[in-house]
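**Student:** Quick one: structure below, then a few questions.
The values are calculated or read from the model by the stated rules, or taken from the named source; none is laboratory data. These numbers were taken from a predicted model, which means no experiment stands behind them. Note that each Cβ is placed from the backbone with ideal geometry, even for glycine, and that neighbours are counted across all protein chains shown. When the accessible area is computed, the model is the full protein with side chains, heavy atoms only, and any ligands, DNA or RNA have been set aside. Shrake-Rupley method; radii C 1.70, N 1.55, O 1.52, S 1.80 Å.
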Amino acid sequence: MLKQIVMRLVLPRCRQRLTHEDESFLSDTLAVSTGAREALVMLLKDSQMRDVLLDEKAVLHALLESTRPLPVSPDLYFYVLVRHSLRSGGIDDRDLADYLASLLIAYLPERGSGRTHVPYIGDRMSDISAATGPDRFFMVVELADQLLFLTGVFPAHVEHRRQRRGAPSLDFYEHVGLAQYRTASSHALAREFCLEPIFNALGEAFHEVRVGLNRLGETLAFTGDDGQMPSGPLLN
């Protein structure tokens, strides 16, 4: 079980995984001449300059306004959109944006069936209480990630279930989620995986991050009228 959960651990790697096609897209979008394009390709090799260039509004507009299939990776696409959505809400943290983009990439493909899985908190908390050592850490993180994904991408579905079935509210899931991130942030494995600052941030600003993901979901129309995810790919 531990091996399975470790493989599930989300790591912020979007910026490190940019492809040659991503670099070409960025240089074509930002360059004003052939010489500038070649210079931009070189600048993208530097991590600090890459981060600055990814923050350019022109990149966001190119991604959102394209009328053709985009020749970019999910890593570039979701990182740029998440980064700008968080910044519009006052959260200026590139590593956090990278983590959230990686989270979306990890979880969205599973929702292609159109059904949204809502974890049963009582059972999950019992499982966590019974677990020890590394198992417990990975289970805490997985629950926190699932609740952030659920409330960030499917808030309408959570509200739909609350109204129709008396299910827990967004506030409840937020409270449980931030508590799990706070617990995870103090674990030695959080430091080992260089996730302690990210979990600290999510433990303090779960609501603000969730709202940022809500804005992104509205932009991309992740969900249908009842908050379920419609069938069909998000990217061509």
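**Student:** Can you give me the orientation-averaged projected area of the convex hull built on the Cα atoms of region 54-104, in nm²?
**Tutor:** Details: hull surface 13.9 nm².
Reported value for the Cα convex hull: 3.5 nm².
**Student:** Here's another thing I want to ask about it. So how exposed is residue 46, as accessible area in Å² (1.4 Å probe, rounded to 10)?
**Tutor:** 70 Å²
**Student:** With loop defined by DSSP as not H, G, I, E or B, and exposure as at most 15 other Cβ atoms within 10 Å, which is the longest segment of the chain clear of exposed trypsin sites (Lys or Arg not before Pro)?
**Tutor:** The answer is 116-236.
**Student:** Oh, and also: With all protein chains present, calculate the accessible area of residue 120 using a 1.4 Å probe and round the result to the nearest 10 Å².
**Tutor:** Probe radius 1.4 Å; accessible area of residue 120 about 150 Å².
**Student:** Still on this structure, please answer the following. Write down the accessible area per residue of the chain in Å², having rolled a 1.4 Å probe over the full set of protein chains. Each step should come with its number before you reach the end.
**Tutor:** Working: 11760 Å² over 236 residues.
Solvent-accessible surface per residue comes out at 50 Å².
**Student:** Can you show me the helix-derived [θ] at 222 nm for the chain, built from DSSP H runs with n ≥ 4 at -39,500 (n - 2.57) apiece and divided by the number of residues, rounded to the nearest 500.
**Tutor:** Here the helix-only value at 222 nm equals -21500 deg cm²/dmol.
**Student:** Would you list the P(r) distribution for the chain, with all Cα-Cα distances sorted into 10 Å bins from 0 and each bin expressed as a whole %?
**Tutor:** Going out from 0 Å in 10 Å bins, the chain shows 7, 31, 34, 20, 7, 1, 0 percent.
**Student:** Using a 1.4 Å probe and ignoring any ligands, DNA or RNA, find the accessible area of residue 105 and quote it in Å² to the nearest 10.
**Tutor:** 50 Å²
**Student:** Another question, if that's okay. Give me the Debye-computed log₁₀ of I(q)/I(0) at q = 0.09, 0.13 Å⁻¹ for region 65-202, equal point scatterers on Cα only, no solvent, two decimals.
**Tutor:** The Debye formula, applied to the Cα set alone, gives -0.31, -0.64.
**Student:** If DNA, RNA and ligands are ignored and the probe is 1.4 Å, what is the ranking of 91, 198 by accessible area, most exposed first? Spell out each step's value before the answer.
**Tutor:** Values: 91 30, 198 10 Å².
The ranking, largest first, comes out as 91, 198.
**Student:** Under the Karplus relation 6.51 cos²θ - 1.76 cosθ + 1.60, θ = phi - 60°, what is the ordered set of whole-Hz ³J(HN,Hα) values for region 203-215, x standing for Gly and Pro?
**Tutor:** Computed from phi, the couplings for region 203-215 are x, 9, 10, 4, 4, 5, 5, 4, 5, x, 5, 4, 4 Hz.
**Student:** Tabulate in residue order the Karplus-calculated ³J(HN,Hα) for region 41-46, using 6.51 cos²θ - 1.76 cosθ + 1.60 with θ = phi - 60°, rounded to whole Hz; enter x for Gly and Pro.
**Tutor:** 3J(HN,Hα) across region 41-46, in whole Hz: 4, 5, 4, 5, 6, 8.
**Student:** Under 5 Å between amide hydrogens, which residues at least 5 positions from residue 167 or on another chain qualify, with H placed 1.01 Å from N in the peptide plane?
**Tutor:** 162
**Student:** Would you calculate the convex hull of the Cα atoms in region 31-145 and tell me its volume per residue in Å³?
**Tutor:** 160 Å³
**Student:** Give the average over all directions of the projected area of the C-alpha convex hull of region 130-213, one decimal, in nm².
**Tutor:** Seen from a random direction, the Cα hull of region 130-213 projects 5.7 nm² on average.
**Student:** With all protein chains present, how much of the accessible area of the chain (probe radius 1.4 Å) comes from carbon and sulfur, to the nearest whole percent?
**Tutor:** Exposed carbon and sulfur together represent 51 percent of the surface.
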